[in-house]
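Visitor: Starting off with a structure, shown below.
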Amino acid sequence: MIGGDGIGPEVIAEALKVVRAAGVELDTTFFDLGGARYLRDGEVLSDETLETLRGFDAILLGAVGTPGVPPGVIERGLLLKLRFSLDLYINQRPFAGTAPGHSKPHDFIVIRENTEGPYVGEGGVLRKGTAHEVATQGSVNSRHGVERCIRYAFELASKRERKHVTLVHKTNVLTFAGDLWQRTFDAVAAEYPKIATAYNHVDAACIYFVQDPHRYDVVVTDNLFGDILTDLGGAVSGGIGLASSANLNPARTGPSLFEPVHGSAPDIAGKGVANPVAAILSAALMLDHLGESKAADAIRAACAKPTSGSTIAVGDEICRRLHG
């Protein structure tokens with residue numbers, strides 16, 4: 001358990017409360033990591049702590065980010081270090097709801113490649129601070145990384161009713177990385193003849209997420225595009241306060257990490273008004289991963305009906321629904 005910063009500890013406490021109300025007892029250990037820890041003693045994520053975390057079955061994280069910490073310190077030093085070191089190469093985010101202006105609910109999942117792309121940090125700065133400064137930021141895409149992500153998306157789609165996968169990229173401009181993604185997608189698709197496929201440029205997908213989200217079943221995309229699209233997916237599915245995520249190591253060579261995507265929201269921290277549902281739904285994804293799908297389904301059903309009140313009151317109401 002990593003409560004982290006801002007509203008993180010508040011929502012993660014409600015998530016744990018709901019998990020226990022669903023009948024699952026977890027052996028939990030809390031870790032003090034995040035922006036506040038960095039400001040206090042300069043530590044982000046030591047190698048020793050990372051090795052300790054490898055021994056767990058799962059990690060449930062609230063949120064990290066604190067005013068006063070330079071950009072990138074916590075993001076790269078904690079979140080990305082966990083993703084890369086634990087090989088959490090799948091970022092899975094489900095979206096179910098009714099988008100504004102629609103009467104029909106949608107239900108789709110975005111699979112985002114989570115360990116490559118521009119986020120690996122390839123690049124640098126030349127002549128920094130001068131009028132002739134040059135900054136480069138490379139995007140790393142390996143056949144191995146792309147294929148295992150796409151294959152995961154097809155496997156997931158094969159278990160869903162619609163059996164459809166959409167590749168989202170920008171192949172008309174990003175002709176090197178996009179070509180690798182498209183060729184790999186086509187090769188994997190040939191192994192799944194019962195799965196229907198489609199392709200969207202990422203800018204078109206942004207329009208369709210708003211205007212026609214029902215067209216999607218499983219979406220697979222790269223790290224950067226997935227980061228952007230999934231925030232938009234949250235906005236059209238009831239708000240970012242309902243958006244859950246799983247950072248998965250499908251090979252299970254280490255723990256997977258589960259977190260709401262709303263951030264630390266320092267402006268409302270400690271006021272008891274943060275929506276805990278995204279954290280609770282992230283905990284449900286964690287239970288799926290741990291083989292407790294019955295409890296996970298019960299939690300999702302308990303969260304389906306809108307709930308109002310304080311952070312604690314919402315958690316209490318969801319617990320009450322679980323108890324019937």
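Visitor: Run the simple label-point estimate for Leu39 and Arg127 please: 7 Å along Cα→C-beta, distance reported in nm.
Guide: 3.8
Visitor: Using helices alone, I'd like the mean residue ellipticity at 222 nm for the chain: each DSSP H run of four-plus residues gives -39500 (n - 2.57), total over residue count, nearest 500. List each step's numbers first, then the result.
Guide: Working: 11 runs with 121 residues, N = 324.
It comes out at -11500 deg cm²/dmol, rounded to the nearest 500.
Visitor: For Asp212 and Asp267 in one chain, what is 0.36 nm times their gap in residues minus the Cα-Cα distance, to one decimal in nm?
Guide: On the way: separation 55, 0.36 × 55 = 19.80 nm, distance 3.34 nm.
Taking Asp212 through Asp267 to full extension adds about 16.5 nm, to one decimal.
Visitor: Where does the charge balance sit around Pro213 when Lys and Arg score +1, Asp and Glu -1, over other residues with C-beta under 15 Å from its C-beta? Walk me through the numbers on the way to the answer.
Guide: Values: positive: Arg93, Lys104, Arg162, Arg215; negative: Asp107, Asp212, Asp217, Asp231.
Local charge sum for Pro213: 0.
Visitor: Under a Cβ-only charge scheme (Lys and Arg +1, Asp and Glu -1), can you give me the dipole magnitude of the stretch 1-41 about the Cα centre, in debye to the nearest 20? Walk me through the numbers before you get to the answer.
Guide: On the way: 4 positive and 7 negative charges, 7 e Å.
Here the stretch 1-41 has a charge dipole of around 40 debye.
Visitor: For Ala301 paired with Ala204, estimate the spin-label separation in nm (one decimal), with each label point 7 Å from Cα along the Cα-to-Cβ line.
Guide: Using points 7 Å along Cα→Cβ, the separation is 4.0 nm.
Visitor: By the scheme Lys and Arg +1, Asp and Glu -1, what is the net charge of all other residues having a beta-carbon under 15 Å from that of Asp316? Kindly include the intermediate steps, with their values, before the conclusion.
Guide: Working: positive: Lys17, Arg20, Lys305, Arg320, Arg321; negative: Glu10, Glu14, Glu317.
Residues close to Asp316 contribute a combined charge of +2.
Visitor: Using a ≥ b ≥ c from the Cα gyration tensor of the stretch 152-253 (square roots of the eigenvalues), is it rounded, prolate or oblate, where a/c under 1.5 gives rounded and otherwise the larger of a/b and b/c decides, a/b for prolate? Provide the component values of the computation, followed by the final result.
Guide: Details: a/c = 1.40, a/b = 1.17, b/c = 1.20.
Rounded shape, in that the Cα axes give a/c under 1.5.
Visitor: Sorted by mean Cβ packing within 10 Å, highest first, what order do the peptides 57-70, 215-228, 124-137, 5-18 take? Before the final figure, lay out the partial values.
Guide: On the way: 57-70: 19.4, 215-228: 23.1, 124-137: 9.1, 5-18: 25.1.
Top of the packing list down: 5-18, 215-228, 57-70, 124-137.
Visitor: If packing is taken as the average number of other Cβ atoms within 10 Å across a peptide's residues, how do 229-241, 269-281 rank, most packed first? Walk me through the intermediate numbers first.
Guide: Working: 229-241: 19.3, 269-281: 21.9.
Descending mean neighbour count gives 269-281, 229-241.
Visitor: What value does the stretch 38-109 have for Rg/Rh, both radii from Cα atoms and Rh as Kirkwood defines it?
Guide: On the way: Rg = 17.1 Å, Rh = 15.1 Å.
Rg/Rh: 1.13.
Visitor: Sum up the charges of everything whose Cβ sits under 12 Å from the Cβ of Ile74, counting Lys and Arg as +1 and Asp and Glu as -1, but leave Ile74 out. The partial results should precede the final answer.
Guide: Numbers: positive: Arg37, Arg76, Lys81; negative: Asp5, Glu43, Glu75.
Every neighbour counted, the sum reads 0.
Visitor: Counting other Cβ atoms within 10 Å, keep those with at most 14, restrict to DSSP loop, and tell me which chymotrypsin sites (Phe, Trp or Tyr not before Pro) in the stretch 152-187 are left. List each step's numbers first, then the result.
Guide: Details: sites: Tyr152, Phe154, Phe176, Trp181, Phe185; in loops: Phe176.
Answer in residue order: Phe176.
Visitor: Using a 10 angstrom cutoff on alpha carbons, build the Gaussian network for the chain and name the most mobile of Ile74, Ile207, Ile299.
Guide: Comparing Ile74, Ile207, Ile299 in the GNM, the peak value goes to Ile207.
Visitor: While we're here: Using only Cα atoms, what is the ratio of the radius of gyration of the stretch 119-180 to 2.2 N^0.38 Å?
Guide: The value comes to 1.65.
Visitor: Counting other Cβ atoms within 10 Å of each Cβ, which chymotrypsin sites (Phe, Trp or Tyr not before Pro) in the stretch 21-73 have at most 13 and sit in a DSSP loop?
Guide: Details: sites: Phe30, Phe31, Tyr38, Phe56; in loops: Phe30, Phe31, Phe56.
Counting only loop positions with at most 13 other Cβ atoms within 10 Å, the chymotrypsin sites (Phe, Trp or Tyr not before Pro) in the stretch 21-73 are Phe30.
We did not get these values from a lab; they are worked out from the coordinates using the rules stated. Predicted, not measured: the structure shown is a model, and the values here were computed from it. We place every Cβ from the backbone using ideal geometry, glycine too, and count neighbours over all the protein chains shown.
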